Every structure is written in C-alpha cells, then in structure tokens.
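As structure tokens, the structure follows; a few thoughts come after it.
Bear in mind these aren't lab numbers, they're just calculated from the coordinates by the rules spelled out. Computed from a prediction, not measured in an experiment: that's the story for all the values here. Positions of Cβ are generated from backbone atoms using ideal geometry, with glycine treated the same way; all protein chains shown enter the neighbour counts.
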Number of protein chains: 2
Amino acid sequence: MTLDAQIMEIAKNARAAAFQMATCDTSKKNETLLKIASKLEREKEILKAENGKDLLYAREKGLSEAMIDRLALKEATLLSMIEGLQYVATLPDPVGEITRTWSRPNGLQVSRMRIPLGVICMIYESRPNVTIDAAGLCLKSGNSVILRGGSESFHSNQALSRIISESLLEAGLPPHAAQIVPVRDREAVTILLQQEEWIDLIIPRGGESLIRFVVNHSKIPVLKHYKGVCHVYVDEGADIQMAIDISMNAKVQRPGVCNAMETLLVHRAVATQFLPRAAIQLQNAGVELRGCEKTAAILPGVKQAVEQDWREEYLDLILAVKVVESMDEAIAHMAKYGSNHTESIVTSDYERARRFLRQVDSSVVLVNASTRFNDGGQLGLGAEIGISTSKLHAFGPMGLDELTTTKFVVMGDGQVRS
Amino acid sequence: MTLDAQIMEIAKNARAAAFQMATCDTSKKNETLLKIASKLEREKEILKAENGKDLLYAREKGLSEAMIDRLALKEATLLSMIEGLQYVATLPDPVGEITRTWSRPNGLQVSRMRIPLGVICMIYESRPNVTIDAAGLCLKSGNSVILRGGSESFHSNQALSRIISESLLEAGLPPHAAQIVPVRDREAVTILLQQEEWIDLIIPRGGESLIRFVVNHSKIPVLKHYKGVCHVYVDEGADIQMAIDISMNAKVQRPGVCNAMETLLVHRAVATQFLPRAAIQLQNAGVELRGCEKTAAILPGVKQAVEQDWREEYLDLILAVKVVESMDEAIAHMAKYGSNHTESIVTSDYERARRFLRQVDSSVVLVNASTRFNDGGQLGLGAEIGISTSKLHAFGPMGLDELTTTKFVVMGDGQVRS
C-alpha cells in the first residue's frame, strides 16, 4: 500500500469511528480512560523497554540532553499520565449538554446542544505523554483522534497506541477512535494535512517551526499558537511588593513555558521605587535584564535592550524591561510587540484595571495575578489540550468544551413558515 | 499603485480601524447604523441612478433575468435594507458581554468576555443589499469589514460604500471600519485571500463555485456552506396531516433557498397512507417527484430517481422521495447523501424524537417543524450573516454572537503560581 493510501485509510477509519463516538454513553468513554490508566500501570516495564529503543535511537542520532529528557518515560511521567486519565474520567461529559434554550413566539423551542467536532489530528514532537493526554481528552469529548508524534518516539507511541486500542475494544468502542500514524516518514504529515474530507481539526504542539509548517501546508483548520511574548505592566500606584512577587513568579517559576513573562513594562512614576528592588531579586534568581534607556538610568550597568528584544520569546532567564510614560504606551507596546497570549497589570486603580481588561487584546488578561495562570487546569477548565492565540473557534486555553461545537435542536408541534 | 499594494493598504487600514471598533461605545455603533439607514432613505434616487448603470452593464453582458432581478435596487429591497439596519441597532451589543464567571480555590475570579473577531472579509455575488446587511452586522459586533461584491454591482456598491463611510465619520468612528474593494478585477479576491496578517475571517456568500474558489485559495479561515440537501423524514405513526403540511412548506414555500427540502424519506409503515395524499398536494403545487422503486409501487407513473438525485440540491420544484424500512435507514441515508445543513423528523414517538435529535449530525435538527426554520431570524438570533455547515467556530445560522469570540479576564489580588 502506498503512503497516501495508508494515511487515507487511517483518516477514513477515524471518520467512521467518529460516528459511533459521537453518540456513545459517557460510561463507556470513562471506562476506556480508566482501562488505559490501569494498563499503563500494569505494563510499565513493557513501555519502558519500548521507550528504551527510542532513547537509544535518540542518542545515536545525537539529540540534545533536553530532548532526550522530554522523550524519556520516567516513573513520574507515567504516573502523571495515569492520574491525568483518571482525572479526565471524573470531569462532566460535554457532549449532549444543552448550553441554552429559548422559545419562539410560534411555540418552537430552540436549544443549542454540544456535539463533538468529529476527527481531530494531533501533530506533536518528542513527548510521548502527549499521546495519552490528547487521546484522553479527545475520546472523553466524543471525538476520534489521529496521533502523529515525533519520529523519535516511534516505539513508545506504538506501544501506547496498542494499549489505547485494546482499551477501546474492551469497553465496546471502535478501536479506530484513536489511531497512531505508524510511519516515521515526515511526508505522512503533509498527506494528513490534505485529508479535509475526513479530518475536522489539526492541533499542532511543538516549536514554532513545526507549527508554521503545519499552518502553511494544511487544508484543514488549525488551532495553534506560535509563541507567547507575555507582559507584566506595573502601573502607577501599584503595590510594590505585589508587583515584585508577580514579576518574580511570572519570570522565574518556570521560565521555559509559553506563559512566562518575557517583557516587564513599568510606569515612570513607580520605576525608581520598583525597579531597584525588583532587579535585585530577579538577578539573585539568575535573571539577565535587558533594559531601555530609562531603565538603564535607574539600574546602572544593565544590558541595553535592542529592538529585537521586545519581540523575543526567550523561554529562559532573560527579561526585557521598559519604562513607559503611561498605561496607553504600555498597551500600545503590547499590541505592537506582543503575541495576543497573556498580559497582566499590577494596579490599585479601579478605572485602569477595568480599562486594561477591556482594551488588551490577548487570550488571557489578568489584574494583579501572575501570567503563569494562563493554563486550562489553573483557570478551572479541568484539563487542557493546548492554547489558541488566534480567535476563530477558541481563544486561550482549550479544554473539553473547546473540542466540541453546538448544533441547534428545535422542537415543534407542526410549525411551518409563513 | 499596484493591485497588490492597493489591497494590502485596504487590509491594513481595516486592521487599524478594528482596534478602535473593538472598544468603542455601543451608542456610536448604533448611531452609525441609523445614519446609514436615514441616508439610504434620503439618497434613494442617487442610489437608483448608480444601480441603473449596473443594470445597463448587466444587460449588455447578457446576464440572466434572475441575476438582473437580484441586482436591482428596488423600492422593497431598499426598504428592507433600511429596516434591517434599524432592527440591528435595537439588538443588544455582544461586545463586552460576560458569558460566564467562576471562582478558583485561590480566590482568582475568572470570566469569559465577548470580543470582536477583528477584520472580516465578505465575498459575495450580485446582490447589493448584502453590502448593507453585512456592514450592519459586522459594525454592530465591533468588527471591521472589507466588502467585495460582484463586479456587476460595482456602481451600486461604490455608492453604498460612500454612505457607510460618511456615517462612520459623522458618528466619530473610523471610516476604514467598512471598506469596499473598488476594483472589478477578480484577481483582487485572490490577493485578499492571502492577507492572513490583517484579515481574521472570510465569509463567502454565493453559488457553490464561488465558495469552492474561496476555500481553495484562502490562507485565512473561511466560514461557509456549500449547499443544503435538506431532508424531511416521516416516521412510522406520524400525524399524516402534519407530515403533509410540513412537507409542503419545506418544499414549496420558497424552493430556491438552501433550507428548502430536497429529499423526502418515508417510513414503509406510513408510506401507503401518506404518499398518495402528499403527492397530490405536491404535484398540484407544481412539484416534480422522483421516487425510489418502493415509491413507484405506491405512486404509479412517478419518475424513477437515480443515484445522483439523492445528492442533488435542486433549488427548484423537484423532490426526491425514498421509502425506508426504519429510522436507522433514514439517518444513514442523511449521513451518506446529506450536507449537514437541516433535517426534520415528523413523529409522535418520544424515544425516536429524542434519538433523532441526538444522532443526526446537522447544524439544525428539528422535530415536527419545517426545515425552512433554519434561519437566524426565525430561530431568534436577531439577524443572520450566513449559515455554517462546518463545525469549527460556528455550526448553523450565524448572528452577532458568531461574529465574536471570548477572551479570559482574570481578577486577582496578588496571586502567584506555586
């Protein structure tokens, strides 16, 4: 069979399974998730052995230690996969939920009912835990899922996929509801992205180059974010200690993730009070500061920021710092250099808090809280399959609801249109 | 200026205007709509003169009478444009609406706030009323809009566009919030579809070939439906009179629209009772029937349906008729040949009504009501900018809410992540 034919068969089988998944009982979906969890527990050693083949391959290929670390199925990774599935099984089933009901003057009762999207295709890099996390969320929301992990995690993903298929079958659900693409060739991705007839949504997860590749080649809608250039703005009259705590948390707690702060904007009126104290703490935590001229005047010896720094997603212990004359300048800076991801204001002023929430055009906008809260779990969505920074369909963290849409259901007693 | 540069300037100006529109007061948006309405009233004669140039051009080009009819700015068309704007001005402003609020254990208050999508581009055919209807809905929902009408309505659209820009300016809003593309060249459409940096959404309205062209060339998300192959299924034990009334309404009341019935499915148990009575009424109304073999056995002399009939969107007084053995067969038929647009069941059975609503995968699913109700106005959305039969972002009729998305707004008092 050619690669084209093979991919098309996977996609068609996913579509057929999606029909069954769309209307199956919640209990069967939860049973599947719990079966996967217990098999992961029971087959740990098998999984580690398969993962070992991938690690060997990765070392032979000369992958970086950071990548090998993400590839490894460690005890803690397996445990979080198992607990994740068990947790998603406890979440309410979004499918069939009536989100609104109203009546028309002619007596028609109109409702909007949540339904699955259909077939979702995940394209991701080396982390094999995405295979389990994504399958859990897609199945719980009544979708079929096609999983295309990185070629480095080939053996791990094959083993995980077998466990998922067995669990679906044992719970009486179609095993094609979750399929892994069993080909290393990257051409498989290009072919997947053409299957608009069978696949409803592509979700890429990984570095910016993977995501740009997917967007440029896909005929199917893509939910994605390229990067997170997140800002904290310390307003005139802000509580200085709170501003320091939030800045520290947003930059230092986990610098390598998309919701970490990359640029700190400080109102001129608090700059001399705030910046020296903040700088000491940040520098003690190993953060390199890159400041505008006004920052340098307050923090002598600080490295000079260049234009590119305002656009940079460092994902590292580096922070760009700019002193602004007003909140309007701060908002304009975010609009020009930001990524519509996450922005926070630290303020004591009611009117400016309100105006910031309205005017800042980002998926999550916060007052007096760390940017690190842009996360489905932290915001109470239960779980997260990714974050969208484009506005169509979903904007911000995506949980189970964002893997569904609504249809109109209309109950009448013979109404016709006049 | 090259065509590329001209289109790019329109798109960039739209984006700049979108920033202002996103946070402007409701009263200014309503004022704009009412100003457009009163100018349409005041400048009727000018508009008719400009429209006259288009009609002359259309006749010279040898366009069909049906197309010329749709192009004409008649008194009734103008009146409905004016009333449409006045009505949309009375609708609640979706922007800023908090659709949900909840609290987290750490005290964060999380809300979802409606915001505009940004820049919407409408690509449509000859009807100049779309220029006004679409501008009204896009502006009310806080978006910028780029309007690209058919080349036949060039002069009409230029005149309407001038009225819209003047009204925006007088209300203190950016005139670039609604721009018409002042070029006849179809190449302009192709260039528009590449402006992913400045345009957020494309909505094509017109025939299937226009829509396919847009989908195949767009780098920007497209909300569309290709066609409506809508079904009525008359169940075992249905109220025969109700089934006849609904079938007649769905087929005959306005056969040329996307929510008209194209295929009638009849349960075998009611076929001999229902079909002869229904056939008389339908045929008296001028409907040509094309039946399956079982239909032909009940209605001797009826024309034989071929495979292609089940897929056909006639948009005319023609109806395909099929006798089925069960509701499952009816649902399977809809899944195979339908277009996920609108399907209705006529039934007296509680369990089957409920199952039909759950299992049928269409944007609007009805019990005991005509398919003609798939319409934003009829279903109570206030107004409609189109119908989507794909599931991403919106499924079914799209009103003001569907021209928005939500962002997360989070209010804290110093929370950081541990």
- Separation between the B:Q241 and B:R162 pseudo-spin-labels, each 7 Å from Cα along Cα→Cβ, expressed in nm? 5.8 nm
- Note on the structure: antiparallel share of DSSP beta bridges within the protein assembly as shown, to nearest 5, in %, is 25 percent
- Query: Out of residues 5 or more away from A:E236 or on other chains, whose amide H comes under 5 Å of its own, with H placed 1.01 Å from N in the peptide plane?
  - Reply: A:H267
- Message: I want the antiparallel fraction of DSSP beta bridges within the range B:230-378, as a percent rounded to 5.
- Response: 0 percent
- Using label points projected 7 Å from each Cα along Cα→Cβ, tell me how many nm separate B:S64 and B:L169, to one decimal. 4.0 nm
- For peptide B:397-410, the mean count of other chain Cβ atoms within 10 Å per residue Cβ is 5
- Query: Tell me which lysines have Cα within less than 16 Å of A:K294's Cα, excluding those fewer than 8 residues away on the same chain?
  - Reply: A:K303, A:K322
- Crossing angle, helix B:44-60 versus chain B [Cα axis fit, 0-90 degrees, rounded to tens]: 60 degrees
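Which of the pairs A:K251/A:K336; A:K29/A:K407; A:K28/A:K219; B:K251/B:K336; A:K29/A:K227; A:K29/B:K227 have their Cα atoms more than 25 Å apart in this structure?
Result: A:K28/A:K219; A:K29/A:K227; A:K29/B:K227 exceed 25 Å.
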- Mind checking which aspartates and glutamates have their Cα closer than 18 Å to the Cα of A:K61? Skip sequence neighbours fewer than 8 apart in that chain. A:E50, A:D69, A:E125, A:E152, A:D185
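Computed FRET efficiency, Cβ-Cβ of B:L317 and B:A297, R0 30 Å: what is it to the nearest 0.05?
0.80
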- Item | Neighbour-count order for B:M67, A:M122, fewest beta carbons within 10 angstrom listed first | B:M67, A:M122
- For chain A, modelled as a Gaussian network with Cα springs under 10 Å, which listed residue fluctuates most, A:R162, A:R355, A:R70? A:R355
- Share, in percent, of DSSP beta bridges within chain A that are antiparallel, nearest 5: 30 percent
- Of B:G107, B:G149, B:G84, which is the most mobile in a GNM of chain B whose springs link Cα atoms less than 10 angstrom apart? B:G107
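How high is the relative contact order of chain A, given as a whole-number percent (alpha carbon pairs under 8 Å, six or more residues apart)? The partial results should precede the final answer.
Details: 834 pairs, mean separation 72.5, N = 418.
Relative contact order for chain A comes out at 17 percent.
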- Using only Cα atoms, find the angle between the long axis of helix A:268-284 and the longest principal axis of chain A, and express it within 0 to 90 degrees, rounded to the nearest 10. 70 degrees
- Largest-first semi-axes in Å of the equivalent ellipsoid built from the Cα gyration tensor of the range B:318-365 are 17, 14, 10
- Query: Out of residues 5 or more away from B:S388 or on other chains, whose amide H comes under 5 Å of its own, with H placed 1.01 Å from N in the peptide plane?
  - Reply: B:G396, B:M398
- Query: Considering amide H positions built from the backbone, and no H for Pro or chain starts, which residues 5 or more places from B:K303, or on another chain, come under 5 Å of its amide H?
  - Reply: B:L289, B:G291
- Query: Going 7 Å from the Cα of A:Q20 toward and past its Cβ, which residues in the range A:149-165 have a backbone nitrogen under 18 Å from where you end up?
  - Reply: A:161-165
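For the range B:261-302, compute Rg over Rh where Rg is the Cα radius of gyration and Rh is the Kirkwood radius from the inverse mean 1/r over Cα pairs.
For the range B:261-302, the value is 0.91.
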- Between A:T371, A:T23, A:T99, which gets the highest mean-square fluctuation from a Gaussian network model of chain A, Cα cutoff 10 Å? A:T99
- Message: Taking the beta-carbon count within 10 Å as an exposure proxy, list A:E329, A:E402 from fewest neighbours to most.
- Response: A:E329, A:E402
- Item | Folded to 0 to 90 degrees: helix A:3-22 orientation relative to chain A principal axis, Cα | 90 degrees
- Between B:R104 and A:R354, Cβ-based FRET efficiency (R0 22 Å, step 0.05) works out to 0.60
- Message: Pairs of alpha-carbon atoms within less than 8 angstrom and 6+ residues apart define the contacts here; what relative contact order does the range B:333-418 have, in percent?
- Response: 22 percent
- Within 10 Å of each residue's Cβ, count the other Cβ atoms and sort A:M113, A:M81, A:M21 from fewest upward. A:M113, A:M81, A:M21
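Taking Cα atoms of the protein assembly as shown, Rg/Rh with Kirkwood Rh, to two decimals?
Dividing the radius of gyration by the Kirkwood radius yields 0.99.
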- Note on the structure: Averaged over the residues of B:358-368, the number of partner chain Cβ atoms within 10 Å of each residue's own Cβ comes to 6
- Message: Given Cα positions, please report Rg to Rh for the range A:230-378, the hydrodynamic radius being the Kirkwood one.
- Response: 0.92
- In order over the range B:201-213: 3J(HN,Hα) from phi, Karplus 6.51/-1.76/1.60, θ = phi - 60°, whole Hz, x for each Gly or Pro, gives 8, 10, 10, x, 9, x, x, 4, 5, 4, 5, 4, 4
